[in-house]
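Read-outs: derived from the displayed coordinates by stated rules, not from any lab. Computed from a predicted structure; not experimentally measured. Positions of Cβ are backbone-derived with ideal geometry, glycine not excepted, and every protein chain shown enters the neighbour counts.
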Amino acid sequence: MGRQWGPAMRTAEQAGCVVSASRAGQPEAGLWSCSGVILSRSPGLVLCHGGIFTPFLRAGSGVLTAASAAFLPGDSCNDDLRLHVQWSPMAASPAGRSERGRPELCTPQC
Amino acid sequence: AGLEPRSSARPRGRPLQPPRPAELLLLLSCPAFRAHFARLFGGDAAEQWRFASGAPDDEVSEDEEEDQLRALGWFALLRVRSGEAAAEEDADELGAAVAVAPLGTVPKGAPLLACGSPFGAFCPDIFLNTLSRGVLSNSAGPLLLTDARCLPGTEGGGVFAVRPAGALVALVAAPLCWKAREWVGLTLLCAASPLLHAARAALVGLHPGSEVLAAQLPPEVGAMRSLPLQDPGLPWAAAAVLVECSTVWGSGVAVAPRLVVTCRHVVPREEARVLVRSAIPKSAAIWGHVVFATQEMSPYDIAVVSLEKSLDGIPMPVPAEHFHEGEAVSVVGFGVFGQACGPSVTSGILSAVVHVDDRPVMLQTTCAVHGGSSGGPLFSTRSGDLLGIVASNTRDNNTGATYPHLNFSIPITVLQPALQQYSETGDLRSLRQLDRATEPVQVVWRLQRPLAEVPRSKL
């Protein structure tokens, strides 16, 4: 890509992440996941898509179409919701840090 | 536009950090997004549109599909939990805060970079932060559309601008849009700025005393005075107009203040009365009538409309004289939304220039072209020169599938001399020549293989 894309690529690299939702103690129930954006570093705040939360809504997805609903509290989802966020190592980490981790590359089974 | 192999600046494949636990702070939506969504895709149009992450034939239960539709405009604000030991590491590893582009900063046609992880957490080592490039194709309030190709799993991914550099413009709301069972090739986005306004208000409303946390949400880039806010956009896109002839509508392009070119299949008869609407710089509707339309048998599906008044304030496009395969091009047209929205811009490259007797007679591009775009202009993205008139995209008659990204335009060099003569003298004779295109040209436009040589008669 041309130079004009540099800043956008760097920001995308630093801000991109994957969010997954699962049920505590029920790995067989499967995993719901989507992409997200890291909004801030400390505390770590992430914005992602709401679609992965519909299976966990206490009142069902109908609550999302209520005209008055513009936002719902975190506890509108079941207690067994487990969330995880994953992101790539920072290309711009302080010197030496980015080399941390296992130098060899591998092809992990997905 | 499309998924691009990444530059080697960041060796992909480095081991990812282990997933970190997080907690849901709140679920939020943007009321204005939902209102525009209902206007553009609800009501009578609802039957035609599908946003499910699978193809129309995929086995998705109705409940699942309904859940997906209900959640389409919803997003979640999470806080990453970190134990003591990781806190310091988190502070570094979580990366930089982003800056957010105020709504309306990025004009139609401006380049965008989408960043998401196809298939979500399925295989992040390979797919995390996959990039896709495109442009802002259309907007209706905070509801944005881009032709950057996104796949299931990228919902929630960030979309970033070139100008303001690296600013977060939107998040992916629905990567795949299907209209009348045809993949449209556009991705539905929700603008980030109103989302973050909603998040701030919700945080403080739900958790009194969380002003400090709310202050952690990223500022809008406008707060940094030094950055230019307005991207110049595409001034030449203003020449694209909407053409309505009774119940039929399509696109067109103004080639002179009182002359619009469109497709014959949009305005089928000479003398028909036509309403031409321009959207930029301001909305205007001007009546006109068809002064010329090629005959049904002509390979050049062209009509010319003379307007009763001038289209003011619209820069007249410069007709191109040469075509360069591979050059960046843009199509501007009223496909997909017609009158409900202003013109859409899609980007791509000039993928082929077909010649007959060393004269260009057909152009092909990789831009997304939809029903309703016919008659619209094809521009060189670099120069803004008018390259051609979009005539059609591609349909496979066997399967019925439509391919938006393979489309055909009539080179402006075929039309320009005749248009100029008519514009200056009112003489239609040159335009009438379009009805007498040679057999090889007809063979090309029938998408038939040209005969290597004319078969000899056996008599």
Counting only GluC sites (Glu not before Pro) that sit in a DSSP loop (anything but H, G, I, E, B) with at most 12 other Cβ atoms within 10 Å, what is the longest stretch of chain B containing none of them? B:60-270
Compute the convex hull volume of the Cα atoms of the stretch B:309-459, divide it by the residue count, and report the result per residue in Å³ as a whole number. 156
Per residue convex hull volume, Cα only, the stretch B:124-229, in Å³ is 147
Would you mind ranking A:ASP75, B:ASP357 by Cβ crowding within 10 Å, fewest neighbours first? B:ASP357, A:ASP75
Just to confirm the number: angle between the C-alpha axis of helix B:84-93 and the first principal axis of chain B, 0 to 90 degrees, nearest 10? 30
With a point put 7 Å past each Cα toward its Cβ, work out how far A:ASP80 is from B:SER351 in nm, to one decimal. 4.8
Tilt, helix B:192-206 to longest principal axis of chain B (alpha-carbon atoms), in degrees rounded to tens, equals 30
Compute the acute angle (0 to 90°) between the alpha-carbon long axis of helix B:31-41 and the principal axis of greatest extent of the alpha-carbon atoms of chain B; round to the nearest 10°. 30
If you keep only loop residues by DSSP, which trypsin sites (Lys or Arg not before Pro) in the stretch B:117-185 have at most 14 other Cβ atoms within 10 Å of their Cβ? B:ARG181
Compute the separation of the alpha-carbon centres of the stretch A:1-71 and the stretch B:262-304 and state it in Å as a whole number. 46
Compactness summary of the stretch B:199-342: radius of gyration and Dmax from Cα atoms, Å, are 22.4, 73
Against the globular-protein guess of 2.2 N^0.38 Å, express the Cα radius of gyration of the stretch B:293-376 as a ratio, rounded to two decimals. 1.26
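Give me B:SER380, B:SER344, B:SER392, B:SER61 sorted ascending by neighbouring Cβ count inside 10 Å, so fewest comes first.
By the 10 Å Cβ count, ascending, the order reads B:SER61, B:SER392, B:SER380, B:SER344.
Plugging the Kirkwood radius over Cα pairs into Stokes-Einstein for the stretch B:254-316, at a temperature of 25 °C and a viscosity of 0.890 mPa s, what D comes out in µm²/s?
207
Restricting to DSSP H runs of at least four residues, report the calculated mean residue ellipticity at 222 nm for chain B, -39500 (n - 2.57) per run over all residues, nearest 500 deg cm²/dmol.
-5000 deg cm²/dmol
Viscosity 1.306 mPa s, temperature 10 °C: give me the Stokes-Einstein translational D for chain B in µm²/s, with Rh taken as the Kirkwood radius over C-alpha pairs.
It diffuses with D of about 66 µm²/s by this estimate.
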Free-standing Cys residues across chain B, given no other cysteine C-beta under 4.7 angstrom: B:CYS30, B:CYS115, B:CYS150, B:CYS177, B:CYS190, B:CYS245, B:CYS263, B:CYS341, B:CYS367
Per-residue Cβ contact counts at 10 Å, fewest first, order B:TRP178, A:TRP87 as B:TRP178, A:TRP87
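For the stretch B:229-385, what is the charge dipole size about the Cα centre, in debye to the nearest 20, if Lys and Arg each add +1 at the Cβ and Asp and Glu each add -1 at the Cβ?
I would put it at about 480 debye.
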